[in-house]
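Let me begin by handing over the structure; questions about it come next.
Each value in this text was obtained by applying a stated rule to the coordinates, not by laboratory testing. Predicted model, so just to flag it, every value in this text is computed and none were measured. Note: ideal-geometry Cβ built from the backbone for every residue, glycine included; neighbour counts use all protein chains shown.
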Amino acid sequence: MSSSPAPGNGSIETSQRPSNLSVRTPISTSTKEAEKAYLARSQSAKWEAAKPFAYAGADTLAHSTDLLHDFAVAMMALHPSPADVIVDLGSGGCWCSDLLARLNRRTVAVDISLDMLRAGASRSGIDTIPAVAGDLESLPFRAGAFHKAICLNALHHVPDVHRAIGEIARVLSDDGIAVFSEPGQGHATADVAVSAMREYGVLEQDVPFGPFAQHLRDAGFEDVRLKALAYAVPSIELTPEQWERWSRIASRRRPLRALTKLLQAALEMFGVGKATMLFEQSFERLIVRTLFGAMRDHPVVVASKRSLAPENRQDWAARITIHTMSGQVVRGAAIRGQISIENIGRWSWRPASPHGLGHVAVGIQLLNERDELINRDFRRVSLTEDIYEGDSRSLDIEFPAPLTAGNYRLKIDVVAEGLVWFGDVGSTPATCSITVTEHSSFA
């Protein structure tokens, strides 16, 4: 592993560079020294090198699914683009950086333990992971070095969480976003935490959302949000009959909803109707209590230095405008036009060849004059650069007309190759009419 240049006007700064890892000597405390010695004492290098998956002969299914879920939630919150540089904080054996590299995202792993980073270096099947040994309370990077940060189950080992969050804010860009997943209330007294502190001398502490959110705001994170659910909660479940009742409840409109609530209040006074009319109230209480417990015990927190965009945006969505387009052409001749496309979804668009899975292009579908589909993959127009959420581009397009004369419609959409046509998931394509003739009218 080696250090990697950071975005902006310089490279990642480190105070020492022994071996092939960048190292900054952390402030010495007993629990920090225990963290650095943990891997050797626990003899868990095989697990750290395979995490979140199991190595041969091991059964880590329960823990691995929790880790993979944490990572998936983090990615849905961060929406990292190919241009982002992400800092993987408290990376351990670099498992998050490993998965990010496999998803063609750029990351720098940082951990206080050089042994952990060496375990990460032993991972097979990926290129070298840029890694830096350093203390989260005194990060060895210049200000604004990273666009995004991921920190999964690491801050609860840090003695001064307030200071660490300040450092995380410092190394993020002005619009940087960080996602955290930490054990919440009750972790420090759990058997596994008590055992770890007794056996290895590491710090285990609760990270309750209230004080944590205040630390984030003190550090300059303008927008702090707690995700509603960390893991699937077994106690929230519905029979098919309950689902039908719940579906009817969700579809009610005023004034019926208000009248129903009045009737429910009357039934509540006499303690009847729990399985029928009061199902809505009893299930609402179950959801609130269960979700509150899940969010309290394992908070997943997204913090942004600027206001986050609304969460109701579609993953894949475009605003397409046709500025000019040929209205009549000879069969096989060039159709020419100019369009603009704006990324109004949650994911960035990365251009590539038409056969690149997940890469984005403008897709032109051929319809007849009754808007019936003739050819879904009639033409592709490649993008020339990445288009990030909120960005727009104008495109000059040119492609051959159909070889058969007639009246047609063109549907212009955007497609993530091999994944989805945007129009199929709620985005609005643009359409126009075109007439294809046998010969030029000027012949």
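Within the set of other residues whose C-beta is less than 13 Å from the C-beta of P299, count the net charge using Lys and Arg as +1 and Asp and Glu as -1.
Net of charged neighbours comes to -1.
With labels modelled as points extended 7 Å from the Cα through the Cβ direction, what inter-label distance (nm, one decimal) is found for S340 paired with T428?
Simple spin-label model gives 1.6 nm for this pair.
Cα-Cα over 31 Å: which of K227/K411; K32/K148; K32/K305?
On the way: K227/K411 38 Å; K32/K148 25 Å; K32/K305 29 Å.
The pairs that break the limit, which is 31 Å between Cα atoms, are K227/K411.
So if each residue of separation counts as 0.36 nm, and I subtract the Cα-Cα distance between L395 and S195, what length gain in nm does that give?
Numbers: separation 200, 0.36 × 200 = 72.00 nm, distance 6.11 nm.
Fully extending the segment from L395 to S195 adds 65.9 nm.
So if each residue of separation counts as 0.36 nm, and I subtract the Cα-Cα distance between A56 and M76, what length gain in nm does that give?
Working: separation 20, 0.36 × 20 = 7.20 nm, distance 3.02 nm.
Contour length minus the Cα-Cα distance gives 4.2 nm.
Where does each of S427, S307 land when they are ranked from fewest to most other beta-carbon atoms within 10 angstrom? Write down the numbers at each step before the final one.
On the way: S427 20, S307 9.
Ranked by crowding around the Cβ, least crowded first: S307, S427.
When you take every Cα atom in region 318-437, what is the radius of gyration, and what is Dmax, the widest Cα pair distance, in Å?
Here Rg and the maximum Cα pair distance are 13.9, 42 Å.
Under 5 Å between amide hydrogens, which residues at least 5 positions from G358 or on another chain qualify, with H placed 1.01 Å from N in the peptide plane?
Excluding prolines and chain starts, which carry no amide H, the hits are E417, G418, L419.
Next question. Testing the spin-label approximation: label points 7 Å from Cα along Cα→Cβ at R225 and S122. State their distance in nm.
Placing both labels 7 Å beyond Cα along the Cβ direction yields 4.0 nm.
Order of F399, F141, F209 from fewest to most other C-beta atoms within 10 Å? Could the numbers behind the result be given before it?
Details: F399 14, F141 25, F209 17.
In increasing order of surrounding Cβ atoms, one gets F399, F209, F141.
T404 versus R370, label points 7 Å from Cα toward the beta carbon: distance in nm?
1.4
Only counting other Cβ atoms within 10 Å, I'd like D88, D115 sorted with the fewest neighbours first.
Lowest count first: D115, D88.
For region 22-226, restrict the atom set to alpha-carbon positions and state the Rg and Dmax in Å.
Rg, Dmax (Cα atoms, Å): 16.0, 46.
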